[in-house]
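Student: Take this structure first; my questions come after.
Throughout, read-outs are computed from the coordinates displayed, never taken from laboratory work. Note that the structure is predicted; figures quoted are calculated from it, not measured. Cβ coordinates were reconstructed from backbone atoms using ideal geometry, including for glycine residues, and neighbour counts include every protein chain displayed.
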Amino acid sequence: MYNNKDSVLLLEILLIGLIIFLASFNQGFSGFGFAITSIPLLSLIIDVKIAIPLAAICGMILNFILAYKLKNFINFSELKLLIVGSIIGIPIGAIFLSKASPDLILKILAVVILVFVIINTTHFIKPFELHKKWGVLFGLISGVLGGAFNTNGPPILVYFYLKDWNKFKQKAMITGFFIVASILIVSSHAVSGVTTKEVLVKAAFSFPFLIGGLFLGMSIFPKISTRMYRKLILTFLAAISIILILR
C-alpha cells in the first residue's frame, strides 16, 4: 500500500514531468526557452540547486535532438568566438552555483528572466552590423549565466538579433551554440558536484515527458501564430519572475 510519503513523491514526479513537458513543448515550438521556462517553475516545488542541473541535463538531450535535425544548416565556424567566451564563463557560473545561497540564486534568476522579457517586448535594441569579436563578450556573459543558472539563452538571443540574420539561420545557429554550451554546462555541474544521484533519477523520470513535449511542439508549430504564442509565453515568464522576486 502507498503511504503519505509515496503519494507526495509520486505527485512531485508528476509535477516535474508536467513542467518538463511544458518547457520541451516551448523549445520544440520556438527553438529556445527550455531553461528559462522550466527552472522558475521547478524551483517552486524542488530545491533550485536540484532544478538547475536537472534542467541542464534535459536541455542537453533536447539540443542533441534539435541539432541532429538542423545539422546541415549549422556553421560552427561562425560560433567559435561565442564558444570561447562560454568556455571561460561557464566554470565561473558553476562555482557560483555551488557556493551561493538558494535565495540569492532565485532572485538573480528572476531578474535575468525579467530583463529577457523586457528586451523581447519593448524592442528597444535595434539590429546593426555587429563585429564578430563581440561574440567573446556575449559568450562570456552567456557562459556565466549558463554555469550558474542554466539560462545562457538571453545574451545569445540578443547577439543573434543584433546580427540581423533571417529566422531560419538564427534557429540553426542558436541550436548549434546550445549543443556545445549544454555539454559544457552539464560537465561543469558534474565536476563541481552540483549534479547528484537525485538529479539523475529525476532526469530519468522526466525523459518521456521531455520527448512528448518536444515533438508535440514541433508538430503544432506550423498551425499556431508564432507571434501570439511568444506573447503568451513572455507574459507567463514575467509573472513567474515577479513571483520569484516577491517570495
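Student: Charges at C-beta only: +1 for Lys and Arg, -1 for Asp and Glu. How large is the resulting dipole of segment 46-139 about its Cα centre, in Debye rounded to 20?
Tutor: 200 debye
Student: Let me ask something else about it. From the residues Phe32, Met173, Leu232, which one has its Cα farthest along the dipole of segment 4-246 in the positive direction, the dipole being from +1 and -1 charges on Cβ of Lys/Arg and Asp/Glu about the Cα centre?
Tutor: The Cα lying farthest towards the positive end belongs to Met173.
Student: For the peptides 10-17, 235-242, 58-65, what is the packing order when you average, over each peptide's residues, the other Cβ atoms within 10 Å and list the highest mean first?
Tutor: Highest to lowest by the protection proxy: 58-65, 235-242, 10-17.
Student: Go through Lys80/Lys132; Lys80/Lys169; Lys132/Lys163; Lys5/Lys99; Lys107/Lys163; Lys49/Lys99 and tell me which ones have a Cα-Cα distance over 19 Å in this structure.
Tutor: Where the Cα-Cα span goes over 19 Å, the pairs concerned are Lys5/Lys99; Lys107/Lys163.
Student: OK, next. Of Gly59, Val48, Phe21, which is farthest towards the positive pole of segment 6-87's charge dipole, taken about the Cα centre with +1 and -1 on the beta-carbons of Lys, Arg and Asp, Glu respectively?
Tutor: Comparing the listed Cα positions along the dipole, Gly59 ranks first.
Student: Considering amide H positions built from the backbone, and no H for Pro or chain starts, which residues 5 or more places from Gly31, or on another chain, come under 5 Å of its amide H?
Tutor: HN-HN under 5 Å from Gly31: empty list.
Student: Based on alpha-carbon centroids, what's the gap between segment 12-41 and segment 87-103 in Å, whole number please?
Tutor: 22 Å
Student: As an exercise, use a Förster radius of 30 Å and the Cβ-Cβ distance of Ile92 and His131 to find the FRET efficiency, rounded to the nearest 0.05.
Tutor: It comes out at approximately 0.80.
Student: Nearest 0.05, what FRET efficiency do Ser219 and Asn72 give at R0 = 22 Å with Cβ-Cβ as r?
Tutor: In this case the efficiency is close to 0.60.
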